[in-house]
Amino acid sequence: MTSNSRRPNIVLAGFMGTGKSTVGRIVARTLLMPYRSTDAAIVELAGRSIAEIFAQDGEKIFRRIEATVCEEMAMRDGQVIDTGGGALLNPRTREIFGATGLLVCLRADLDTIAARVGDDPSRPLFGTRTDIEQLYAARAPIYASLPFQIDTTGRTPDEVAEEIVELWKQHR
Ligand code: S3P
């Protein structure tokens, strides 16, 4: 985390369905910090839904927009940033968020993830159980490399948010 005078961001990362958005909003409300979502910023910037961007332009272009949005967000401080599940796969994004904030990876087992996400057409990468298992396995080493890990399986969003608030108090 940064040692200069900027107020650190809290950056939530992790696979789809690990609770980043729900927990992020609670953390932001608790700490009176603005909540920002990279997915929402992408939709605003592109003027299209994420599903539309994937369908019309493909994942590569989506990742480019996502990286730009992350870079812009990392320039500000004191925010709770909810990142899309693939955002931190980009090494530069990991570096800039790691340097400017408390980088927390939320985790959950695959049954929990499948139950939380369900059949959501707004998530183009969320496919069959096998697809999810493969995607999760491919990303697991990157998620595991993030500085702080919190398992959300069997826990309420309030409980997870409380743990993040405590973590932030210890590390700010
Ligand atoms: C993605 C996760 C989504 C969204 C996009 C791609 C991913 O965000 O950014 O559909 O690559 O894991 P959530 O993690 O908020 O669902």
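The values are calculated or read from the model by the stated rules, or taken from the named source; none is laboratory data. These numbers were taken from a predicted model, which means no experiment stands behind them. As a convention, Cβ positions derive from the backbone with ideal geometry for all residues, glycine included, and neighbour counts pool all protein chains shown. Calculation scope for accessible area: heavy atoms of the full protein, side chains included, ligands and nucleic acids excluded. Shrake-Rupley method; radii C 1.70, N 1.55, O 1.52, S 1.80 Å.
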- Task: Confirm whether LEU167 is away from the ligand (no atom under 16 Å from the Cβ), out of contact with any helix residue (DSSP H, G or I) (no Cβ under 9 Å at 6 or more places or on another chain), within 15 Å of ALA13 (Cβ to Cβ) and open to solvent by less than 70 Å² (accessible area, probe 1.4 Å).
- Result: yes
- Message: Which pairs turn up if I take residues in the stretch 57-79 that are free of Cβ contacts under 8 Å to residues at least 60 places away in the same chain and look for partners that are surrounded by fewer than 15 Cβ atoms within 10 Å (Cβ to Cβ) with beta carbon separation below 8 Å, at least 6 apart in sequence or on another chain?
- Response: ILE65/LEU45; ALA67/ARG92; THR68/LEU45; VAL69/LEU45; GLU71/ARG92
- Going by the structure shown, is ALA51 among the small types (Gly, Ala, Ser), near the ligand (Cβ under 9 Å from one of its atoms) and more than 20 Å from LEU106 (Cα to Cα)? yes
- Picking from ARG29, ARG6, which residue would you name as being surrounded by fewer than 16 Cβ atoms within 10 Å (Cβ to Cβ), at pLDDT 95 or above and basic (Lys, Arg)? ARG29
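Kindly establish whether ALA144 is at pLDDT 95 or above, within 14 Å of the ligand (Cβ to nearest atom) and among the hydrophobic types (A, V, I, L, M, F, W, C).
Details: at pLDDT 95 or above: yes; within 14 Å of the ligand (Cβ to nearest atom): no; among the hydrophobic types (A, V, I, L, M, F, W, C): yes.
It is false that ALA144 is at pLDDT 95 or above, within 14 Å of the ligand (Cβ to nearest atom) and among the hydrophobic types (A, V, I, L, M, F, W, C).
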- Counted residues in the stretch 86-124 being within 14 Å of the ligand (Cβ to nearest atom), without any contact (Cβ under 8 Å) to a residue 12 or more places away in the chain and either over 19 Å from PHE62 (Cβ atoms) or crowded, with 16+ Cβ neighbours inside 10 Å (or both) come to 2
